[in-house]
Amino acid sequence: MIKEKLDSPLVEVLTEIGFTESTELESVCIPRIKSGHDLLCIAGKGAGKTTTIVISVLQRLKSSLADVPRAVIMVPDKERAASMKAEFDRLGQYTDLRVNTACEDQKIDDQKDKIYMGSDVVIGTPKRLNLIYSLYALNLSSVNLFAIDDAESVIKSINYLQIDRFSESMPKAQKILFANDLTKWLERFSSEFMNNQEVIEIEEEEEE
């Protein structure tokens, strides 16, 4: 269990929603993320990657502060952004953190205004995050945690230049990647942008 390593308000919410057992991924990765390690984690579907990211961000940020984001989470599509946002709403109900999404399913001006007016966490796709950043509505100067979920789908040739530019704008941010498989593009990103990263591989449990 990881509850003894978390803040009490977060533990209360986890208990209320029936979070009784941690997955291997959550038990291994959450303490390491809390300690500030850059992390590259390879684990299969259902391992708890989304929950690991959300709990780690809630534990790190705790409450709203200033108007600029302190965490950015990059995802492959609008569906994953919506599910990530829903998990923040569910687990972060005790906080006043402002969580906004940036995907191609909404008007750019609406997203830009929401983010510019104040965000603690921004979840989005590479293309839309870069566009909002280019429009000077996404300030990356205070980002201390940059996470990528389904990284093998996000970090690939079609997106790499966008992710390269984005990552260079927050060199001091802790970077955590979660993927189902290790690809050459993940290895490239890891070598170029991560600092003394720890690589963790969680094997899928065989069905009986």
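So here's what we get for this one:
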read-out: Of all residues in region 7-26 being within 17 Å of Lys49 (Cα to Cα) and under 21 Å from the mean Cα position of the chain (by Cα), the one that is modelled with the lowest pLDDT; value: Phe19
read-out: Hey, Leu140 under 25 Å from Gly36 (Cα atoms) and in contact (Cβ under 8 Å) with a residue 60 or more places away in the chain or not; value: yes
read-out: Only one of Ile115, Ile108, Ile42 that is at pLDDT 90 or above and touching an Asp or Glu at 6+ places or on another chain (Cβ under 9 Å); value: Ile42
read-out: Test: residue in region 67-78 that is surrounded by fewer than 19 Cβ atoms within 10 Å (Cβ to Cβ) and more than 18 Å from the chain's Cα centre (by Cα); value: yes
read-out: Qualifying residue in region 163-170 (condition: within 19 Å of the chain's Cα centre (by Cα), among the β-branched types (Val, Ile, Thr), on the phi < 0 side of the Ramachandran plot and crowded, with 21+ Cβ neighbours inside 10 Å); value: yes
read-out: Pairs, first closer than 17 Å to Ser8 by Cα and surrounded by fewer than 19 Cβ atoms within 10 Å (Cβ to Cβ) in region 84-104, second of a type in the set (Asp, Glu) and at pLDDT below 95, C-beta under 8 Å, six or more apart; value: Tyr94/Glu12
read-out: Helices (runs of 4 or more DSSP H) within region 1-76 that include 3 or more residues within 18 Å of Phe178 (Cβ to Cβ) and of a type outside the set (A, V, I, L, M, F, W, C); value: 24-34, 49-61
read-out: Ile53 more than 22 Å from Val199 (Cα to Cα), touching a residue at least 40 places away in the same chain (Cβ under 8 Å), surrounded by 23 or more Cβ atoms within 10 Å (Cβ to Cβ) and touching a strand residue (DSSP E or B) at 6+ places or on another chain (Cβ under 6 Å); value: no
read-out: So Phe178, is it buried (at least 16 other Cβ atoms within 10 Å of the Cβ), outside any loop (DSSP other than H, G, I, E, B), among the aromatic types (Phe, Trp, Tyr) and modelled with pLDDT under 90; value: no
read-out: Those residues of region 118-152 which are crowded, with 17+ Cβ neighbours inside 10 Å, more than 23 Å from Asp96 (Cα to Cα) and of a type in the set (Ser, Thr, Tyr), in sequence order; value: Thr125, Tyr133
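The values are calculated or read from the model by the stated rules, or taken from the named source; none is laboratory data. Here the structure is a predicted model, which means the values were calculated and not measured. When we count neighbours, we look across all protein chains shown, and the Cβ atoms used for this are built from the backbone with ideal geometry, even at glycine.
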